[in-house]
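Presented below is the structure to which this report refers.
The values are calculated or read from the model by the stated rules, or taken from the named source; none is laboratory data. It should be emphasised that the depicted structure is a prediction, and the values quoted were computed from it without experimental measurement. Counting neighbours? That spans all protein chains shown, and the Cβs are built from the backbone with ideal geometry, glycine included.
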Amino acid sequence: MIQSLRLATALLSGLVFGVGLALSGMLDPARVRGFLDVTGAWDPTLAFVLAGAVTASGLGTALARRLRRPVLANSFDWPTRSRIDFALILGAGLFGVGWGLSGFCPGPAVAALSGRSLPVAVFVVAMLAGMAAHGAARRVLLVR
């Protein structure tokens, strides 16, 4: 029963997230690139989307920190690392370059697959290939 509730909650959360991305314009790569183009034809509308997301996340985190445990789990899974290292900087930089060039980040790209667009599908396939390559490289580097 609890597993079914977890799955239903995850599905509902994903649907709300996807609808929010669609309503906010985050599925339109041209709008995203316009937001990132601060020296050209800057489109500030996504700043409000980001501000809303940061606000909701901050409020949710503050509420979660007051709870003893989650409703559908035995404990919270809080991050344990807080160090800024080369891997974090490199990953953030690669994410930013990919976002700027394509206009997509992972969540909106997966949601945009519903539009059956070939460029979106190519991006998602490339993203999955990059994730697989990262996992393989990490395993090779950690073995040594």
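Do you know which of the residues in region 8-30 that are surrounded by 12 or more Cβ atoms within 10 Å (Cβ to Cβ) and either among the aromatic types (F, W, Y) or farther than 23 Å from F123 by Cβ (or both) is farthest from the chain's Cα centre (by Cα)?
T9
Any residue at all in region 66-75 that's over 30 Å from Q3 (Cα atoms) and over 17 Å from the mean Cα position of the chain (by Cα)?
no
Those residues that are surrounded by fewer than 11 Cβ atoms within 10 Å (Cβ to Cβ) and under 16 Å from L113 (Cα atoms), I need them from region 124-144; list them, please.
The one that is surrounded by fewer than 11 Cβ atoms within 10 Å (Cβ to Cβ) and under 16 Å from L113 (Cα atoms): V125.
Residues that are hydroxyl-bearing (S, T, Y) and under 24 Å from G135 (Cα atoms): does region 1-22 have at least one?
No, region 1-22 contains no residue that is hydroxyl-bearing (S, T, Y) and under 24 Å from G135 (Cα atoms).
Given the condition closer than 27 Å to T9 by Cα, at pLDDT below 90, touching a helix residue (DSSP H, G or I) at 6+ places or on another chain (Cβ under 9 Å) and outside any loop (DSSP other than H, G, I, E, B), answer yes or no: does some residue in region 97-106 qualify?
yes
Among the residues of region 50-66, is there at least one that is exposed (fewer than 11 other Cβ atoms within 10 Å of the Cβ), hydrophobic (A, V, I, L, M, F, W, C) and either touching a residue at least 40 places away in the same chain (Cβ under 8 Å) or part of a loop (DSSP other than H, G, I, E, B) (or both)?
Looking through region 50-66, none of the residues is exposed (fewer than 11 other Cβ atoms within 10 Å of the Cβ), hydrophobic (A, V, I, L, M, F, W, C) and either touching a residue at least 40 places away in the same chain (Cβ under 8 Å) or part of a loop (DSSP other than H, G, I, E, B) (or both).
What is the one condition in (1) of a type in the set (A, V, I, L, M); (2) surrounded by 12 or more Cβ atoms within 10 Å (Cβ to Cβ); (3) more than 15 Å from the chain's Cα centre (by Cα) that L94 does not satisfy?
(3)
Suppose we filter D85, D37, D43, D77 for residues that are modelled with pLDDT under 85, out of contact with any Leu (no Cβ under 8 Å at 6 or more places or on another chain) and acidic (D, E); which single one remains?
Residue meeting the stated conditions: D37.
As an exercise: evaluate L90 against (1) in a helix (DSSP H, G or I); (2) more than 28 Å from T39 (Cα to Cα) and give the number of the one condition it does not meet.
L90 satisfies all of (1) in a helix (DSSP H, G or I); (2) more than 28 Å from T39 (Cα to Cα) except (2).
Of the numbered conditions (1) out of contact with any Gly (no Cβ under 9 Å at 6 or more places or on another chain); (2) touching a residue at least 60 places away in the same chain (Cβ under 8 Å), V124 fails exactly one; give the number of that condition.
That leaves (2) as the condition not met.
Does R31 qualify as being touching an Asp or Glu at 6+ places or on another chain (Cβ under 8 Å) and either free of Cβ contacts under 8 Å to residues at least 40 places away in the same chain or not polar (S, T, N, Q) (or both)?
Criteria met by R31.
What's the number of the only condition in (1) in a loop (DSSP other than H, G, I, E, B); (2) closer than 30 Å to Q3 by Cβ that A41 fails to meet?
Here A41 meets the rest and fails (2).
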